Amino acid sequence: MEVSITKLSENGQVVIPAEIRKDAGLKPSTKFLVFNEGGNILLKVIRKETLTRDIQLIENIERSEKQIREGKFIKVNSLMEDEEIDELFMH
């Protein structure tokens, strides 16, 4: 994992350092989803082939966090396949 430091410009822009861009294979005009998670800003590259799945994942995470706050939870077995676990969360 590459780690680097950058800063926010007066215009609200952030430069992703060259070594990070190279390591991630980022090209000019790459588009990102931008998340604010408790003051931590996260970038996720938008890819056509995964965009629908990414949006569903975000919705599932938000729904799960709401359920946790409400004291609701689902027990899963760590030996279960990802699809089995996903199925539990969809109901």
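The values are calculated or read from the model by the stated rules, or taken from the named source; none is laboratory data. Computed from a predicted structure; not experimentally measured. Cβ coordinates were reconstructed from backbone atoms using ideal geometry, including for glycine residues, and neighbour counts include every protein chain displayed.
Values computed for the structure shown
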item	result
Residue list for the stretch 1-41, filter: closer than 23 Å to E65 by Cβ and not in a loop (DSSP other than H, G, I, E, B)	F32, L33, V34, F35, N36, E37, N40, I41
Top-ranked residue in the stretch 37-54 [being of a type in the set (A, V, I, L, M, F, W, C) and surrounded by fewer than 12 Cβ atoms within 10 Å (Cβ to Cβ); ranked as nearest to D86 (Cα to Cα)]	L42
Residue that is modelled with the lowest pLDDT [pool: residues in the stretch 16-34 that are surrounded by 12 or more Cβ atoms within 10 Å (Cβ to Cβ) and of a type outside the set (D, E, K, R)]	L33
Residues that are among the aliphatic types (A, V, I, L, M), under 26 Å from F35 (Cα atoms) and surrounded by 11 or more Cβ atoms within 10 Å (Cβ to Cβ), drawn from the stretch 75-91	I85, L88
Residue within the stretch 58-66 that is closer than 28 Å to S4 by Cβ, without any contact (Cβ under 8 Å) to a residue 60 or more places away in the chain, under 18 Å from the mean Cα position of the chain (by Cα) and surrounded by 11 or more Cβ atoms within 10 Å (Cβ to Cβ) present	yes
K44, sole failed condition from (1) outside any strand (DSSP E or B); (2) under 28 Å from E65 (Cβ atoms); (3) in contact with a strand residue (DSSP E or B) (Cβ under 6 Å, 6 or more places away or on another chain)	(1)
